[in-house]
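Working notes, structure below.
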């Protein structure tokens, strides 16, 4: 009888896995109900987000992506980028020079006049009033009234502008390319402004052998990143600054390019790009981990609403979501045998410095949360936060960034508390 029950549990586990299109263990597919190429994704919190794509496609969710529904954009042009500053106010941009805006969560979209016929390449919407656009043939536009008027900033040099990123109303960075120069000539530049685009300071330059410096991402006035692609050998590097762009360090990124990067803090970030590539870093971009269990797609955009919850989009209507930060190597399924109960083991070694192993068991397919807390009850680390199959699991906790003391680790399954244990970090 017990054997029969275990077989039934195993069967239901596999059935649930198939129904949810689960991709163990970091990302899972959400149902977009479209087959079009998706080009950009943006979320304002863990629940409300939008996706845009070819042929004027706009999708919206209000429950974290469990359900997506289409909105009427009023255009059949491909929308390559979307940006929302609140649950009501957002923009979408086409592959030429069109801007559409909503002020009621996407119920209605209306077109704004950009004032240029040049191709727009990138946007940075700071708040409900201030935003910036850049494009080819030194196109640099700014609005201070929510896009009702876009003013040409008259960038001083005859360059193609490729990527723009502002952290507030006045401080931002802009990548540029000098057209029609020889292969090894200096052609790629990065500029910074601290007065809202009135003046720009050259901070970085390199040769034509690289692709344009795009994308760019900053989390504050000091910490930023940009990706370059070395065309000759089809290889990408990432540059990082910790002093606002005065100095840049270069690190290996990998084959093929990256179309989108996103950092949640100065150490933890993600990148989405060509050839089945969603990568993550936990050391500020010095090293990157690439999972091998994702659908083989070109991923065009990635965004995170907090340190563990994120979405990536690609061709064929694919939307992926993670609830554990997309981390695929922090835990291991150490047994295919199905346990008869949920359990949490004592970590070993204990005390530890700086690493320790935590084992736990699942009796069936469930949503699992394993978190670490300090003695005051403050959450300090998320080790697991996703759906997992039945089995025995092992996860490593790295305490190198924590001070000595007593910590608690807590296992929950489907929101139900299973067990909490103590561990001691001694340095």
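Worth pointing out:
- Selection status of residue 387, modelled with pLDDT of 90 or more, part of a strand (DSSP E or B) and either over 22 Å from the mean Cα position of the chain (by Cα) or buried (at least 17 other Cβ atoms within 10 Å of the Cβ) (or both): no
- Of all residues in region 1-60, those that are in a loop (DSSP other than H, G, I, E, B) and modelled with pLDDT under 85 total 6.
- Candidate set: region 392-413, residues that are crowded, with 19+ Cβ neighbours inside 10 Å and at pLDDT below 90; chosen: the one nearest to residue 344 (Cα to Cα): 393
- The C-beta contact set for region 268-286 (first residue over 18 Å from residue 303 (Cβ atoms), second residue part of a strand (DSSP E or B) and modelled with pLDDT of 85 or more, distance under 7 angstrom, 6+ apart or interchain) comprises 284/240; 286/251.
- Pairs where the first residue, in region 290-315, is under 20 Å from residue 86 (Cβ atoms) and the second is part of a loop (DSSP other than H, G, I, E, B) and at pLDDT 85 or above, C-beta under 6 Å, 6+ apart: 304/264; 305/45; 305/46; 309/46
- Within region 215-225, the set of residues being under 15 Å from the mean Cα position of the chain (by Cα) and assigned to a loop (DSSP other than H, G, I, E, B) comprises 215, 219.
- Every residue from region 298-325 that is touching a strand residue (DSSP E or B) at 6+ places or on another chain (Cβ under 6 Å), surrounded by fewer than 24 Cβ atoms within 10 Å (Cβ to Cβ) and under 15 Å from residue 381 (Cα atoms): 308, 323
The values are calculated or read from the model by the stated rules, or taken from the named source; none is laboratory data. The structure presented is a predicted model; accordingly, all values stated were derived computationally and were not measured. Cβ atoms come from the backbone with ideal geometry, glycine included; neighbour counts cover every protein chain shown.
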